[in-house]
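Rule-based calculations on the coordinates, nothing more; no lab input. Quick caveat, the model's predicted, so the values are computed rather than measured. Here Cβ is always computed from backbone atoms with ideal geometry, including for glycine, and neighbour counts include all displayed protein chains.
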């Protein structure tokens, strides 16, 4: 069993294709109030988590909520595919502005596993061609992920490894909260 140590004020980016288990991982390890999920925000905006026309507004809300939570020093998990470097850059920029570390947890499961899980989902299924495209983007971006500025990158390569991981919260790496308190005196 591997252990992931998370600063208590971190941005946690879940990275993986549709069906890789990001939402299940988030539910297993984090309180619902700590998770900002793109599907939930699409549902909030449009009433349908699969409504791709609501994506821009959903991510506007996600970025605003993330900025607020990070400014307050609250650990926040972003449950979205995050397979594209440009999407991660936007989230990392918010963490940097708040002076918070970012931890990327990559669920790099075999494509066949993600496709099977996606097909077995109740309700919303992502077209297999989209899952394959996400997988290609993920694999292309993996070598550069460590250079993007995350405090830590964890790659979980199979379902058993993802299921067995243990998260440990540690004191915040950032001293932003202490600096704010000190500057007021």
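Going by average Cβ neighbours within 10 Å, how do the peptides 88-94, 161-167 rank, with the highest at the top?
On the way: 88-94: 17.7, 161-167: 15.0.
Final packing ranking: 88-94, 161-167.
What percent does the relative contact order of the chain come to when contacts are Cα pairs within less than 8 Å and at least six residues apart?
On the way: 309 pairs, mean separation 69.9, N = 185.
Dividing the mean separation by the residue count of the chain yields 38 percent.
For residue 148 and residue 74, compute 0.36 nm times the residue count separating them, minus their Cα-Cα distance, and round to one decimal in nm.
On the way: separation 74, 0.36 × 74 = 26.64 nm, distance 2.17 nm.
Stretched out fully, the residue 148 to residue 74 stretch lengthens by 24.5 nm.
What do you get for the angle between helix 128-145 and the principal long axis of the chain? Use alpha-carbon atoms, 0 to 90 degrees, nearest ten.
40 degrees
Compute the separation of the alpha-carbon centres of segment 130-170 and segment 41-60 and state it in Å as a whole number.
Between the Cα centres of segment 130-170 and segment 41-60 lies a distance of 25 Å.
Against the longest principal axis of the chain, how steep is helix 55-71, in degrees 0 to 90 to the nearest 10, with axes from Cα atoms?
30 degrees
For a footprinting-style exposure proxy, rank 130, 15 by other Cβ within 10 Å, fewest first. Could the numbers behind the result be given before it?
Values: 130 15, 15 27.
Result, fewest neighbours first: 130, 15.
If r is the Cβ-Cβ distance from residue 89 to residue 120 and R0 is 45 Å, what FRET efficiency results, to the nearest 0.05? Walk me through the numbers on the way to the answer.
Numbers: r = 33 Å, r/R0 = 0.72.
Result of the calculation: an efficiency of 0.85.
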